[in-house]
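The values are calculated or read from the model by the stated rules, or taken from the named source; none is laboratory data. Model, not experiment: these values are computed from the prediction. Neighbour counts run over all protein chains shown; Cβ positions are idealised from the backbone, glycine included. All accessible areas refer to the heavy atoms of the entire protein, side chains included, with ligands and DNA or RNA removed. Shrake-Rupley method; radii C 1.70, N 1.55, O 1.52, S 1.80 Å.
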Amino acid sequence: MLEATHLTKRFHQGEIDVVAVDRFSHRFQPGITAVVGPSGSGKTTLLNLLAGFDTPTEGEVRVQEGEKVVVLSKLDEGRRAELRLRLMGFVFQQWNLIPTLTALENVAFPLMLAGHRLKERQERAAALLAQVGLEKRVKHLPNRLSGGEQQRVAIARSLALDPPILFADEPTGNLDSASGERVMELITSQARKGRTVILVTHDLELARRADWVLRLRDGRLVDG
Ligand code: ADP
Ligand code: MG
């Protein structure tokens, strides 16, 4: 369960007050929800609020944690990080893999943070890389992989701890169409497994594949 209520974020840009997200309310469901809107409409800010990277000026985000429902902004940053690790996976436009770690080590990284043993980490990471078709790239450093391959490593890593929620911000933004297609198929298959996928994009073609589409304009949810 992931639910936003009257979520609002204001930024001060010098003399001007920008309302990046304006009273956004929505209950996200398993499957893909695309969040679309032009550049500057608040998509990334909304994602940052939903994931607890940023705190709202008003309103709240509620997340199901086991039997409990917790309000993200009521937790301190340490608890939010812990909750993110277990409940949320991330795939961004910039593939933010750790450049000095191999593909396998990158995928194993969240498992290390969660305290899994080395052997288990390596086995799980190898299985995840195989799932995204990269069994022959486990020992490669990110700069030896193509953009599409790096993004598939990022997807494998995002799934390491089997999170119920997956955030993707323009995940195909830097890819050629064939690689982008492959990445979208992987994301779609995760949604079919019952994950709640939040796909932020300005690409209406991608949004068409989503189960639900939310349109943002000036930080506000618009109809239709
Ligand atoms: P999108 O992802 O849809 O392009 P953003 O969420 O990045 O939109 O930005 C929404 C609005 O909030 C923009 O007007 C942007 O300039 C402003 N904004 C975003 N982040 C900040 C920040 N850290 N400080 C000030 N203004 C910001
Ligand atoms: Mg953005």
Next item on the list: Being within 15 Å of ligand 2 (Cβ to nearest atom), over 16 Å from the mean Cα position of the chain (by Cα) and open to solvent by 70 Å² or more (accessible area, probe 1.4 Å) is the filter here, so list the residues in region 198-222 that pass it.
Entry: ARG215, ARG217, ASP218
Check: Taking into account only those residues within region 57-92 that are touching a strand residue (DSSP E or B) at 6+ places or on another chain (Cβ under 6 Å) and open to solvent by 60 Å² or more (accessible area, probe 1.4 Å), which is nearest to LEU214 (Cα to Cα)?
Finding: ARG62
Check: When region 36-56 is examined, which residues are found to be surrounded by 17 or more Cβ atoms within 10 Å (Cβ to Cβ), more than 10 Å from ligand 2 (Cβ to nearest atom) and β-branched (Val, Ile, Thr)?
Finding: VAL36
Checklist line | Which listed residue, of ALA160, ALA156, is under 22 Å from ARG195 (Cβ atoms), among the small types (Gly, Ala, Ser) and outside any loop (DSSP other than H, G, I, E, B) | finding: ALA156
Item checked: Scan of region 99-136 for residues that are surrounded by 18 or more Cβ atoms within 10 Å (Cβ to Cβ), in contact (Cβ under 8 Å) with a residue 40 or more places away in the chain and under 21 Å from MET184 (Cα atoms), ordered by number -> ALA103, ASN106, VAL107, VAL132
Item checked: Flag if GLU65 is acidic (Asp, Glu), modelled with pLDDT under 95 and either more than 10 Å from ligand 1 (Cβ to nearest atom) or within 19 Å of VAL222 (Cα to Cα) (or both) -> yes
Notebook entry, point to check: If a residue has to be surrounded by fewer than 21 Cβ atoms within 10 Å (Cβ to Cβ) and either part of a loop (DSSP other than H, G, I, E, B) or within 15 Å of ligand 1 (Cβ to nearest atom) (or both) to count, how many in region 1-19 make the cut?
Noted result: 12
Check: For region 40-54, what are the residues that are small (Gly, Ala, Ser) and either within 8 Å of ligand 1 (Cβ to nearest atom) or under 15 Å from THR8 (Cβ atoms) (or both)?
Finding: GLY40, SER41, GLY42
Checklist line | Hits in region 20-39 (condition: near ligand 1 (Cβ under 8 Å from one of its atoms) and modelled with pLDDT of 95 or more) | finding: ALA20, VAL21
Item checked: Subset of region 169-182 (residues that are of a type outside the set (Gly, Ala, Ser) and either without any contact (Cβ under 8 Å) to a residue 60 or more places away in the chain or closer than 21 Å to ARG84 by Cα (or both)) -> ASP169, GLU170, PRO171, THR172, LEU175, ASP176, GLU181, ARG182
